[in-house]
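The values are calculated or read from the model by the stated rules, or taken from the named source; none is laboratory data. This one's a predicted model, so the numbers in the text were calculated from it and none came from an experiment. In this analysis, Cβ positions are derived from the backbone assuming ideal geometry, glycine residues included, and neighbour counts consider all displayed protein chains.
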């Protein structure tokens, strides 16, 4: 796929966040201008993240603060995709949710029934407020056979200093303590998030493009969902390390700014 084909044949651009449009609090190069020019070309921009420790509102405020938000943009997290999935597939079911208080409130406001005593199923999000009591309770529900959903599979979350344990690391803990793997993982690189995005936008996945800096989440996600993919080298992946993965991105760019 050439850059021209991308601009002509793609309606929705799914944008990973850290390493793709910004690094911590700093936009990557002239990302502000690049995103505005893409909007002017009629592209729908969806900021897409696996990180389910924050709400849609928290991400939107950050994007506004650093100048990357524009009219018509959307934020979509693995937590939001999980809410959508639960409402479609488990309507009215009680959920034990391991997540931050803000994310728990987001689930509740969306109509998910939260229950800590006798849930019908369990959901593990990226809980940066994790306590032993939450671990103990989830482990109990897993041991007695409650259905188990994880918002996403990332082992670590990038930070300024060293990567911090993410949901994938928590899953390893619960595998050892309960013997259980999740029955379903929603976020990248798995298809459920792509299915929810198709329903949200009404756009065929063949006219969507995932733009990100990770081969094993972003590029694999596009391959699993029948989308196009652009790998940017402004974050985790280099031209050397991309050779270690089976998937091939449709386009490789130094940064998102090279699209135009």
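Things worth noting here:
- Any hit, the range 218-226, residues being over 29 Å from residue 24 (Cβ atoms) and either touching a residue at least 60 places away in the same chain (Cβ under 8 Å) or surrounded by fewer than 16 Cβ atoms within 10 Å (Cβ to Cβ) (or both): yes
- Filtering the range 178-190 to residues that are surrounded by 15 or more Cβ atoms within 10 Å (Cβ to Cβ) and over 17 Å from residue 16 (Cβ atoms) leaves 178, 180, 182, 184, 185.
- Selection from the range 123-144 of residues that are over 17 Å from residue 169 (Cα atoms) and buried (at least 17 other Cβ atoms within 10 Å of the Cβ): 137, 141
- Selection of the range 24-50 for residues being part of a loop (DSSP other than H, G, I, E, B) and buried (at least 20 other Cβ atoms within 10 Å of the Cβ) yields 28, 50.
- Count of residues meeting criterion [within 19 Å of the chain's Cα centre (by Cα) and over 16 Å from residue 212 (Cα atoms)] in the range 22-36: 1
- Residue 95 vs. criteria crowded, with 18+ Cβ neighbours inside 10 Å and either over 17 Å from the mean Cα position of the chain (by Cα) or free of Cβ contacts under 8 Å to residues at least 24 places away in the same chain (or both): yes
- For the range 211-258, filtering for residues that are part of a loop (DSSP other than H, G, I, E, B) and closer than 22 Å to residue 9 by Cα leaves 9.
- Within the range 157-171, restricting attention to residues that are over 15 Å from residue 127 (Cβ atoms) and without any contact (Cβ under 8 Å) to a residue 60 or more places away in the chain, the residue that is surrounded by the fewest Cβ atoms within 10 Å (Cβ to Cβ) is 161.
- Residue match in the range 224-246 (condition: within 30 Å of residue 97 (Cα to Cα) and at pLDDT 95 or above): yes
- When the range 179-198 is filtered for residues that are over 15 Å from residue 123 (Cβ atoms) and touching a helix residue (DSSP H, G or I) at 6+ places or on another chain (Cβ under 7 Å), the ones remaining, listed by number, are 188, 189, 191, 194, 198.
- Note on the range 139-154: residues that are more than 9 Å from residue 122 (Cβ to Cβ) and in contact with a helix residue (DSSP H, G or I) (Cβ under 6 Å, 6 or more places away or on another chain) total 7.
- Matching strands (runs of 3 or more DSSP E) fully within the range 51-164 where at least 3 residues are under 30 Å from residue 26 (Cα atoms): 74-77
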